[in-house]
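What follows is a short report on a single structure.
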Amino acid sequence: NNTDDDDDLDFDGYQLRDIIIEKWGIPLDIEFQRIPIGTKPTIYCTIMPNVGFGTQFARHSNELNYLMHLQGVVEILYKYEQ
């Protein structure tokens, strides 16, 4: 379902966080990048440790910022129909 209306998404950042925790036991950070390989773009996924919210090593200052990042990841994947 590829629309500009976020309410039409049947998957969200909370669900992505739950899947990550179910798989690895902790809320890891996730990032997707589109990388051109040959003539076809490929999605590359990076899973990174989330070293606690608000620490000097964390990318996200709190859980809300982390969830907003995950929601953005979900929306980009929907945009590119991945």
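The values are calculated or read from the model by the stated rules, or taken from the named source; none is laboratory data. Keep in mind that what you see is a predicted model, and the values were worked out from it rather than measured. So basically every Cβ, Gly included, is an ideal-geometry build from the backbone, and we count neighbours across all protein chains shown. Please note that ligands, DNA and RNA were not included when accessible areas were found on the heavy atoms of the full protein model with its side chains. Shrake-Rupley method; radii C 1.70, N 1.55, O 1.52, S 1.80 Å.
Data for the structure
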quantity	calculated
Positions within the range 52-82 being free of Cβ contacts under 8 Å to residues at least 12 places away in the same chain and loosely packed, with under 13 Cβ neighbours inside 10 Å, in sequence order	Gly52, Gly54, Thr55, Gln56, Phe57, Ser61, Asn62, Leu64
Residues of the range 33-51 satisfying the condition of being touching a residue at least 24 places away in the same chain (Cβ under 8 Å) and not in a strand (DSSP E or B)	Asn50
Options Ile37, Ile20; residue that is modelled with pLDDT of 90 or more, on the phi < 0 side of the Ramachandran plot and of a type in the set (Val, Ile, Thr)	Ile20
Residue in the range 6-51 that is nearest to Gly72 (Cα to Cα), counting only those that are among the hydroxyl-bearing types (Ser, Thr, Tyr) and open to solvent by 70 Å² or more (accessible area, probe 1.4 Å)	Tyr14
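Quick grid of which residues meet (1) hydrophobic (A, V, I, L, M, F, W, C); (2) over 11 Å from the mean Cα position of the chain (by Cα):
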residue: Tyr14; (1), (2): no, no
residue: Ile26; (1), (2): yes, yes
residue: Ile35; (1), (2): yes, yes
residue: Ile43; (1), (2): yes, yes
residue: Thr46; (1), (2): no, no
residue: Thr55; (1), (2): no, yes
residue: Ala58; (1), (2): yes, yes
residue: Asn62; (1), (2): no, yes
